[in-house]
1. Name the residues in the stretch 235-273 that are out of contact with any helix residue (DSSP H, G or I) (no Cβ under 6 Å at 6 or more places or on another chain) and more than 17 Å from Arg290 (Cα to Cα), would you?
2. Condition first: in contact with a strand residue (DSSP E or B) (Cβ under 8 Å, 6 or more places away or on another chain) and within 9 Å of the ligand (Cβ to nearest atom). Now tell me which residues in the stretch 304-318 satisfy that.
3. If I filter the stretch 309-328 for residues that are open to solvent by 60 Å² or more (accessible area, probe 1.4 Å) and within 19 Å of the chain's Cα centre (by Cα), do I get at least one hit?
4. Filter the stretch 25-61 for residues that are modelled with pLDDT of 95 or more, over 21 Å from the mean Cα position of the chain (by Cα) and either part of a loop (DSSP other than H, G, I, E, B) or within 14 Å of the ligand (Cβ to nearest atom) (or both) and give the result.
5. Counting just the residues of the stretch 176-193 that are closer than 20 Å to Glu110 by Cβ and either open to solvent by 50 Å² or more (accessible area, probe 1.4 Å) or among the polar types (S, T, N, Q) (or both), which one comes out nearest to the ligand (Cβ to nearest atom)?
6. May I ask you to list the residues in the stretch 117-159 that are of a type outside the set (A, V, I, L, M, F, W, C), within 28 Å of Gly303 (Cβ to Cβ), open to solvent by 20 Å² or more (accessible area, probe 1.4 Å) and within 13 Å of the ligand (Cβ to nearest atom)?
7. Considering (1) farther than 18 Å from Asp162 by Cα; (2) assigned by TED's automatic domain parsing to the domain that holds Val166; (3) open to solvent by 50 Å² or more (accessible area, probe 1.4 Å), say which one Arg228 fails and leave the rest.
8. Which residue out of Asn332, Asn403 is open to solvent by 30 Å² or more (accessible area, probe 1.4 Å), in contact (Cβ under 8 Å) with a residue 60 or more places away in the chain, within 11 Å of the ligand (Cβ to nearest atom) and assigned by TED's automatic domain parsing to the domain that holds Ile265?
Amino acid sequence: MQETLIIEGQYPLYGTVRISGAKNAGLVIIAASIMADGETILDNVPHINDVDVMMHILDQMGVECHWNEDASLSICPPAGEIHKKTPYELAKRVRASNLFLGALLGRQNEATISMPGGCDIGTRPMDLHLKGAQALGAEVDIEHGYIYARAENPKGARVYLDFPSVGATENIMMMAAKTPGTSVIENAAKEPEIVDLANFINSMGGKVRGAGTDVIKVEGVPVLKAVRYAIIPDRIEAGTYMVAAAITGGEVQLENVIPTHVHPIIAKLQETGATITETDNGLIVKAGPRILPADIKTLPYPGFPTDMQSQMLALLSIAEGTSVVVENVFENRFQIVDEFKRMGAKIKVEGHSAVVEGHKNLFGARVKATDLRAGAGLVLMALAARGETVIEDACYIFRGYENIAEKLSNLGAHVK
Ligand code: EPU
């Protein structure tokens, strides 16, 4: 069924919004849960489509998984071996299915992972994930669209990542958590989701040190025990609502935010003229009288997140002046620009850079989401535009934003 969001723009947003648990921490921690013996209970997992797909994959692996009445998620792997294959039909729907590589190798030294297909935002290779698995002793073959990995005698090792890939760092951490000896990941990713995974593994009895820096040391342990664990808040969902306040000229209080996780976003929003105040468990974002231009370069954490690039592009489209946005992580993330232009944005893309000539005259149009964050960018454009915007393929947006229509409506947006 075609999923559509219809937004009538130019209503300033006011009120309070509660930020959900982090999608990208939740997805990897769901995968990591299969390494424990017994029932893992996860709190603060967002109810989003990507989580549903991960639950279906667990089901196909023979791992029981269900939501509890208190909104927590239970994951109960059976004793003994589980089915080691991620099926193509499900794996192609969520890139994070590749995180079962490290989790399955950690659990039972063998994994068959459907190669994640080409994705809308870029090529997204797996070479660094495989380099890590091989360094720790896995034999890896790629045949008929699947990665076959098997480690007869896994052993801790040193792995240098050519790029601080989030997924590769996570897969290596998971495999290393149960691999005898010490593994060292150099040039590791430093995202808060990596730290959350390390905290989760450590709460299960694992030994991970240095997460959040670019050298992570993991000492393998034979057994990880099941625990109850709460996922961190979603910094990208928070950033999206922060921009929603700024772009509509409103004032929004965000609850359940860790301010240090959104510092790069705070810095850029302040440059555009918004005022941001930290509170006990979140932030208040107040739009400035004018929206000023700002230059942005996306980079791995603690640089400005690529997952906030489309949303900032929307804001800069109505700024008073010209901004330059450089995308350094995913090569196709400017593909949404053509849809933005249908709403009157003046953006010129050349290679990895976009020059945005801001102006106030955005108008509603029929547009199409091309990926999750691009879809979020369209929602923000629609909130600022005159008249009605119809966003097709909104299913992309529902992959990562819990109850987005309801949350925006509660803040005064006109969304159907
Ligand atoms: N890369 C390689 N080789 C590899 C792996 C990655 O060259 O083996 C390159 C990629 O091509 C890309 C760069 O490294 O240019 C970054 O990719 P990374 O591996 O860090 O990204 P990921 O793990 O696939 C996660 C998030 C993304 C987020 C990126 C960057 C999850 C499930 N996904 O992806 O989230 O954009 O990190 O921060 O954690 C989203 O939420 O919308 C989203 C796409």
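1. Passing the criteria: Glu237, Tyr241, Gln253, Glu255, Asn256, Ile258, Pro259, Thr260, His263, Pro264.
2. Pro305, Thr306
3. Of the residues in the stretch 309-328, the ones open to solvent by 60 Å² or more (accessible area, probe 1.4 Å) are 320, 322, 328.
Retained after the next criterion (residues that are within 19 Å of the chain's Cα centre (by Cα)): 328.
Yes; the residues of the stretch 309-328 include at least one that is open to solvent by 60 Å² or more (accessible area, probe 1.4 Å) and within 19 Å of the chain's Cα centre (by Cα).
4. Result: Glu39, single match.
5. Going through the stretch 176-193, the residues closer than 20 Å to Glu110 by Cβ turn out to be 176-181, 183.
With either open to solvent by 50 Å² or more (accessible area, probe 1.4 Å) or among the polar types (S, T, N, Q) (or both) added as a condition, the list becomes 179-180, 183.
Numbers: Thr179: 19, Pro180: 25, Ser183: 17 Å.
Per the stated criteria, the residue is Ser183.
6. If we filter the stretch 117-159 for residues that are of a type outside the set (A, V, I, L, M, F, W, C), which is where we start, we get 117-118, 120, 122-125, 127, 129, 131-132, 134, 137, 139, 141, 143-146, 148, 150, 152-156, 158.
Now drop any that are not within 28 Å of Gly303 (Cβ to Cβ), which leaves 117-118, 120, 122-125, 127, 129, 131-132, 158.
Checking the rest, the ones that are also open to solvent by 20 Å² or more (accessible area, probe 1.4 Å) come to 117-118, 120, 123-125, 127, 131, 158.
Within the stretch 117-159, Gly117, Gly118, Asp120, Thr123, Arg124, Pro125, Asp127, Lys131 meet the criteria.
7. Status for Arg228: all satisfied but (2).
8. On the way: Asn403 fails: within 11 Å of the ligand (Cβ to nearest atom).
Exactly one residue qualifies, and that residue is Asn332.
The values are calculated or read from the model by the stated rules, or taken from the named source; none is laboratory data. Predicted, not measured: the structure shown is a model, and the values here were computed from it. Glycine gets a Cβ as well: all are built from the backbone with ideal geometry, and neighbour counts include every protein chain shown. Ligands, DNA and RNA are excluded from the accessible area calculation, which covers all protein heavy atoms including side chains. Shrake-Rupley method; radii C 1.70, N 1.55, O 1.52, S 1.80 Å.
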